[in-house]
Amino acid sequence: MGKQTEILENIFNNILGESRVFRNRDALRHDYIPDYLPHREEEIRVLGQILGPSLRGTPCSNVLIYGKTGTGKTAVTKFVLKQLAAKAEEIESPLKVSFVNCRLAGTEYRILSALCSSIDVKVPFTGLALGEVFDRFKSALDSEKIVLVVALDEIDALIKERGDILLYELTRINESLGKSKVSMLGISNDLRFKEMLDPRVLSTLSEEEIVFRPYNAEELRDILEQRAKIAFKEGVSVDVAIKLCSAIAAAEHGDARRALDLLRVSAELAEREGKDFISEDHVYQAQKRIEHDRVVEALRSLPTHSKIVLLSIFLLSRSKARGFMTGDIYNVYCELCEEMGLSPLTQRRVSGLINELDVIGLVNSRVVSLGRYGRSKKTMLGVPSRIIKDVLIRDERLGSMINYAPKYLVSLR
């Protein structure tokens, strides 16, 4: 057996052997829904009151849920929907629920396909016109009496990428239904989500609203302690790690996902070292690793035009200037769109995309004084350029543009 083969053999045997740390690793993942959600009793109660009337076979109010990432929106919604579906089955209510993550689904077709699947309608993976899928969905609903509660998670991702046409059709669907009714539940990570919606969609969708506030350090500690009891074996020392993970996540907008990721990756690092305790050093190592992975994932999941805007700032950054005016970014953006055969968005929309990139930390924008010429916004990269290059060069549409030399830059010299 060669040395390299022996190294891998030892690694695989250690992984396949019994873990010294974990009893149930999945308990520290985002999509794990425990039987109890600490510090979200009020939100569960309010959502239960809103959705409860659907058990009688009548549609409930549409509801819009929003708050920052990691505030428990998805967990609470899935928890309440699970209990609602169980109660409906118990009392033989004509209620069905459908939960769709818009970011994962990606397109209107796949979202509609998932909704069809929830009422046992088979739709091919691709090939039908969107209108045909929507007609099949409506026909199936009206073939029997159903109250369908539709939850669209990360609905802001759909609106940013595709607009609100599908949402408009879904919020108006009851007008064309006879037997069945649909109730809508939208979940958004973007607190400014309502500004993106057509007023007619907003007035229908946000009949009721629930805002999830961030967790504080003490609440995050309670969440981690609850999950740790499920995730770790007895005797594994995690108290120091839980305290530090809670403090770090609380300082970064009270994100429970962040706290869970930190604890899970810290435990995985300890496990690889053969330790039965998780130290502060493990947490700090995990923090560095997660930060890199977070940036890469954020870059990969950006819509195409947001990637082009970021690439424009990346190409401008080679000029060594300290920040770039929105007009400069827009000119390079338009040039890239022309090279790629795409229609550019308006400068106002591109300015909005720059603001969104600023919010998620991929760029830094600041307002600067130009003296008697007033004030303007300057933007620069918020993450190392090598990370942007590593991700975009693997993008099948933008990879060939990473070394592009903008003509606009030449004209400025």
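Couple of notes before you dig in:
- Only listed residue being touching a residue at least 12 places away in the same chain (Cβ under 8 Å) and within 30 Å of residue 349 (Cβ to Cβ), chosen from 157, 129: 157
- Counted residues, the range 58-84 - those being touching a Ser or Thr at 6+ places or on another chain (Cβ under 9 Å) and either assigned to a loop (DSSP other than H, G, I, E, B) or of a type in the set (Gly, Ala, Ser) (or both): 5
- Test for residue 227: is it more than 21 Å from residue 72 (Cβ to Cβ), touching a residue at least 12 places away in the same chain (Cβ under 8 Å) and of a type in the set (D, E, K, R): no
- Given (1) acidic (Asp, Glu); (2) in a helix (DSSP H, G or I); (3) within 21 Å of the chain's Cα centre (by Cα), index of the condition residue 209 fails: (2)
- For the range 271-318, the set of residues classified as at pLDDT 85 or above, within 18 Å of residue 353 (Cα to Cα) and either outside any helix (DSSP H, G or I) or β-branched (Val, Ile, Thr) (or both) consists of 302, 303, 304, 308, 309, 313, listed by residue number.
- Selection count, the range 216-244, where residues are assigned to a loop (DSSP other than H, G, I, E, B) and either in contact with a strand residue (DSSP E or B) (Cβ under 6 Å, 6 or more places away or on another chain) or not acidic (Asp, Glu) (or both): 5
- Selection within the range 212-238 - over 25 Å from the mean Cα position of the chain (by Cα) and either at negative phi or not assigned by TED's automatic domain parsing to the domain that holds residue 257 (or both): 229, 230, 232, 233, 234, 236, 237, 238
- Taking the range 39-49 as the range and being within 24 Å of the chain's Cα centre (by Cα) and over 22 Å from residue 255 (Cα atoms) as the test, only 48 passes.
- Qualifying residue in the range 95-105 (condition: at pLDDT below 95, at positive phi and not in a helix (DSSP H, G or I)): no
- Verdict on residue 55 being crowded, with 22+ Cβ neighbours inside 10 Å, in the same structural domain as residue 142 (by TED's automatic domain parsing) and assigned to a helix (DSSP H, G or I): no
- Considering the range 10-52, and only residues there that are among the aromatic types (Phe, Trp, Tyr) and not in a loop (DSSP other than H, G, I, E, B), the residue that is modelled with the highest pLDDT turns out to be 22.
- Residue within the range 193-214 that is closer than 21 Å to residue 254 by Cα, modelled with pLDDT of 80 or more and of a type in the set (Lys, Arg) present: yes
The values are calculated or read from the model by the stated rules, or taken from the named source; none is laboratory data. What you see is a predicted model, and the numbers here were worked out from it, not measured in a lab. Counting neighbours? That spans all protein chains shown, and the Cβs are built from the backbone with ideal geometry, glycine included.
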